[in-house]
Amino acid sequence: MSQEELFFFDTTLRDGQQTQGVQFSTDDKLTIAAALDQLGIDYIEGGWPGANPTDSAFFDVVPKMSSRLTAFGMTRRSGRSVENDEVLSAVMNAGTGVVCLVGKAHVFHVAEALGILNEQNIENIDASIAHVVAQGREAIFDAEHFFDGYKVDAGYAIECLKAALGAGARWVVLCDTNGGTLPNEVSTIVKEVVEYGIPGRCLGIHTHNDLETAVANSLAAVNAGARQVQGTLNGLGERCGNANLTSLIPTILLKEPYKTKFKTNIVPEGLQSLTRISRLLDDILNRVPVKQAPYVGASAFAHKAGLHASAIVKNPATYEHVDPHLVGNSRVILMSNQAGRSNLRRRLAEAGLNVATDDPSLGRILDLIKAREAEGYTYDIAQGSFELLARRELGRLPDFFRIDRYRVTVERREDKLNRMISLSEAVVVVEVDGQKKLSVSDSIDDVGDDRGPVNALAKALAKDLGRYSENIDDMRLVDYKVRITQGGTEAVTRVIIDSEDSQGRRWSTVGVSANIVDASFEALLDAVRWKLVHDQIAA
């Protein structure tokens, strides 16, 4: 059975940049483009040349790649020729082999937004696409508001598509610009578009997620005949985002009937980089990755309930729809007071701790987990702290260092610019290899930003850990979460710290105390000890 070609079009760098709070630098865009190229994306839409300095600079310096670099713009404006429309000229001057132009496909928008006649809009589409093709470029037409326009005047929406194809467009893309179309509507309309004579091999789909159906709508379009899928990494995009390629790509590559029916440019090695690329984007945006994200989330293959975990040990297919390694993710057996011995032994084995079934330590570890969770700890999230707890009970935790004492003071004062700032100062006395070392640090950097008492403690601890100092040089805190676990006068604070190092390892640790600083320092100490344990193992 011959396979049909299916193409992926990524618009993270253009549509994704319209996400509230997102602003890519040129270097950010270059990094993301390189990752998308490695993944095997067919088309990478780099931005709108001339619309802003960053996009223009990106097209000036982006290196050649296997993916087809695409410049985005709009069809010519009425009253101008294609040669004299400076907006269109800026897009053409980017020199990309592919140009994607957006144009109206809804009579309401032609009249209200453009203020021109329907026939003039058709002429603009035709002339603009023909101009792109005449310059030897591949042309793509994004039919904006297509689905809403089709419902109002199907004949005119189809006429817009045919004008673009007649002028030489390689693709016409149906856009659910407002994100309000349902999957059954997408399926019906795409089938009817094909019946109107628009070939599926020239048909793309571009959906927004305002109904939480962008992925479903994209799959519905593919089922109905579309052969190009547009979207963004991690579902970035204005309002509620675009179709999430991080979910669509593995679904099409790993699920039937798609994996049998379609041939794509993404090879297994590229797919295995998906989780890393997803987290790379979050890191660039300084965002915490969504743990429940399908395929790539930290919880996507995490198993907590004893029944589930026990079955997973026997056969992962019992509670996993795909092998996590296919997308570069990993299986996690979570530890909690619901855990059983088989669950515990599996999690210990994943940490390199092989324990016999009859080892009495298993019972002690389970009892300790239950007791500590009753105090406010959580080990289904803080896997790093769980491992240290187990190593301590098994007698397999090296005594790297011991904290003798520490102190933190916070002072509020006015700086030279008459701004009120907080100065946090920390003193840590640590014993390493029998020697006590006192370190002092504050939390204000050279430009006077307030970093807080936890940062001061982290800096003081890192100042002098003797022979272990260089091990934690590349360690950084990437997330810090605080929760009050009980109410009233008996309230205790739980702190979760997520840490990361230059090897790409990421781990979570927990601390609990009535005092937020004590809870934070406990989680911080666990993070450092976990790092030292794993550096020792790697060595």
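The values are calculated or read from the model by the stated rules, or taken from the named source; none is laboratory data. It should be emphasised that the depicted structure is a prediction, and the values quoted were computed from it without experimental measurement. Ideal geometry is used to build each Cβ from the backbone, glycine not excepted, and the neighbour counts take in all protein chains shown. The area values use the complete protein model at the heavy-atom level, side chains included, leaving out ligands, DNA and RNA. Shrake-Rupley method; radii C 1.70, N 1.55, O 1.52, S 1.80 Å.
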Item to check | Residue list for segment 87-113, restricted to those being loosely packed, with under 14 Cβ neighbours inside 10 Å and more than 21 Å from residue 136 (Cβ to Cβ) | outcome: 108, 112, 113
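Could you check, for segment 199-216, whether at least one of its residues is among the charged types (D, E, K, R), part of a loop (DSSP other than H, G, I, E, B), surrounded by fewer than 19 Cβ atoms within 10 Å (Cβ to Cβ) and within 25 Å of the chain's Cα centre (by Cα)? Explain how you work it out, then say what you get.
Filtering segment 199-216 for residues among the charged types (D, E, K, R) gives 201, 210, 212.
When the remaining residues are screened for being part of a loop (DSSP other than H, G, I, E, B), the result is 210, 212.
Add one more test, that the residue is surrounded by fewer than 19 Cβ atoms within 10 Å (Cβ to Cβ), and what stays is 210, 212.
From what is left, the residues that are within 25 Å of the chain's Cα centre (by Cα) are 210, 212.
Yes, that holds for at least one residue.
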Checklist entry - Give me the pairs: first residue in segment 354-374 and part of a loop (DSSP other than H, G, I, E, B), second residue open to solvent by 50 Å² or more (accessible area, probe 1.4 Å), beta-carbon distance under 8 Å, and six or more apart or on different chains, which are they? => result 355/345; 357/341; 357/345
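Determine, yes or no, whether residue 92 is over 27 Å from the mean Cα position of the chain (by Cα) and at pLDDT below 95.
On the way: over 27 Å from the mean Cα position of the chain (by Cα): yes; at pLDDT below 95: no.
Considered against the rule, which asks whether it is over 27 Å from the mean Cα position of the chain (by Cα) and at pLDDT below 95, residue 92 comes out as no.
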Checklist entry - Quick check: anything in segment 35-44 in contact with a strand residue (DSSP E or B) (Cβ under 8 Å, 6 or more places away or on another chain) and open to solvent by 30 Å² or more (accessible area, probe 1.4 Å)? => result yes
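Taking segment 230-255, which residues are polar (S, T, N, Q) and closer than 13 Å to residue 9 by Cβ? Full working, then the answer.
Within segment 230-255, the first condition is being polar (S, T, N, Q), and the residues that meet it are 230, 232, 234, 242, 244, 246-247, 251.
Listed by number, the residues that qualify are 230, 232, 242.
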Checklist outcome for this item: Given the conditions (1) touching a residue at least 60 places away in the same chain (Cβ under 8 Å); (2) of a type in the set (Gly, Ala, Ser); (3) open to solvent by 10 Å² or more (accessible area, probe 1.4 Å), every one holds for residue 164 apart from (3)
Item to check | Which numbered condition residue 11 misses (of (1) in contact with a helix residue (DSSP H, G or I) (Cβ under 8 Å, 6 or more places away or on another chain); (2) modelled with pLDDT of 95 or more) | outcome: (1)
Next on the checklist: What's the total number of residues in segment 1-30 that are under 17 Å from the mean Cα position of the chain (by Cα) and surrounded by fewer than 16 Cβ atoms within 10 Å (Cβ to Cβ)?
Outcome noted: 4
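For segment 372-388, indicate whether the set of residues that are more than 35 Å from the chain's Cα centre (by Cα) and surrounded by 11 or more Cβ atoms within 10 Å (Cβ to Cβ) is non-empty. Let's see the steps before the verdict.
Restricting attention to segment 372-388, the residues satisfying the condition of being more than 35 Å from the chain's Cα centre (by Cα) are none.
Looking through segment 372-388, none of the residues is more than 35 Å from the chain's Cα centre (by Cα) and surrounded by 11 or more Cβ atoms within 10 Å (Cβ to Cβ).
Across segment 223-235, what is the number of residues that are surrounded by fewer than 24 Cβ atoms within 10 Å (Cβ to Cβ) and hydrophobic (A, V, I, L, M, F, W, C)? Step through it out loud before you land on a result.
Restricting attention to segment 223-235, the residues satisfying the condition of being surrounded by fewer than 24 Cβ atoms within 10 Å (Cβ to Cβ) are 223-225, 227.
Add one more test, that the residue is hydrophobic (A, V, I, L, M, F, W, C), and what stays is 224.
Selection size over segment 223-235: 1.
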Item to check | Boolean, residue 196 is in contact (Cβ under 8 Å) with a residue 24 or more places away in the chain and surrounded by fewer than 16 Cβ atoms within 10 Å (Cβ to Cβ) | outcome: yes
Next on the checklist: Kindly evaluate residue 260 against the criterion of being open to solvent by less than 40 Å² (accessible area, probe 1.4 Å) and modelled with pLDDT of 95 or more.
Outcome noted: no
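Considering only residues of segment 114-131 that are under 38 Å from the mean Cα position of the chain (by Cα) and within 16 Å of residue 145 (Cα to Cα), which is surrounded by the fewest Cβ atoms within 10 Å (Cβ to Cβ)?
The initial filter retains those residues of segment 114-131 that are under 38 Å from the mean Cα position of the chain (by Cα), namely 114, 121, 124-126, 128-131.
With the extra rule that they be within 16 Å of residue 145 (Cα to Cα), the set shrinks to 114, 121, 125.
Details: 114: 17, 121: 25, 125: 28.
Once the filter is applied, the top-ranked residue is 114.
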Checklist entry - Can you spot a residue in segment 168-181 that is in a helix (DSSP H, G or I), at pLDDT 95 or above and open to solvent by 10 Å² or more (accessible area, probe 1.4 Å)? => result no
Next on the checklist: On the basis of being in contact with a Lys or Arg (Cβ under 7 Å, 6 or more places away or on another chain) and in contact (Cβ under 8 Å) with a residue 24 or more places away in the chain, does residue 72 make the cut?
Outcome noted: yes
Item to check | Cβ-Cβ under 6 Å pairs, at least 6 apart or on other chains, segment 402-427 side more than 23 Å from residue 521 (Cβ to Cβ) and modelled with pLDDT under 85, far side aliphatic (A, V, I, L, M) and surrounded by 11 or more Cβ atoms within 10 Å (Cβ to Cβ) | outcome: 415/421
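Scan segment 15-46 residue by residue and report those that are of a type in the set (A, V, I, L, M, F, W, C), in contact with a Ser or Thr (Cβ under 7 Å, 6 or more places away or on another chain) and part of a helix (DSSP H, G or I).
Residues of segment 15-46 that are of a type in the set (A, V, I, L, M, F, W, C), as a first pass: 22, 24, 30, 32-36, 39, 41, 44.
Remaining after also requiring in contact with a Ser or Thr (Cβ under 7 Å, 6 or more places away or on another chain): 24, 32, 36, 39, 41, 44.
Of everything in segment 15-46, those that are of a type in the set (A, V, I, L, M, F, W, C), in contact with a Ser or Thr (Cβ under 7 Å, 6 or more places away or on another chain) and part of a helix (DSSP H, G or I) turn out to be 32, 36, 39.
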Checklist outcome for this item: Scanning segment 317-332 residue by residue, those farther than 16 Å from residue 298 by Cβ, outside any loop (DSSP other than H, G, I, E, B) and modelled with pLDDT under 95 turn out to be 317, 318
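Considering only segment 89-115, state which residues are part of a helix (DSSP H, G or I) and not aliphatic (A, V, I, L, M). Spell out the reasoning first.
Just the residues of segment 89-115 that are part of a helix (DSSP H, G or I), to begin with: 89-92, 107-114.
Within segment 89-115, 89, 108, 109, 112 qualify.
Consider segment 263-287. How many of its residues are assigned to a loop (DSSP other than H, G, I, E, B) and open to solvent by less than 40 Å² (accessible area, probe 1.4 Å)?
We begin by selecting, within segment 263-287, every residue assigned to a loop (DSSP other than H, G, I, E, B); these are 264-267, 272-273, 285-287.
Within this subset, residues satisfying the condition of being open to solvent by less than 40 Å² (accessible area, probe 1.4 Å) are 264, 266, 273, 285.
Here the count works out to 4.
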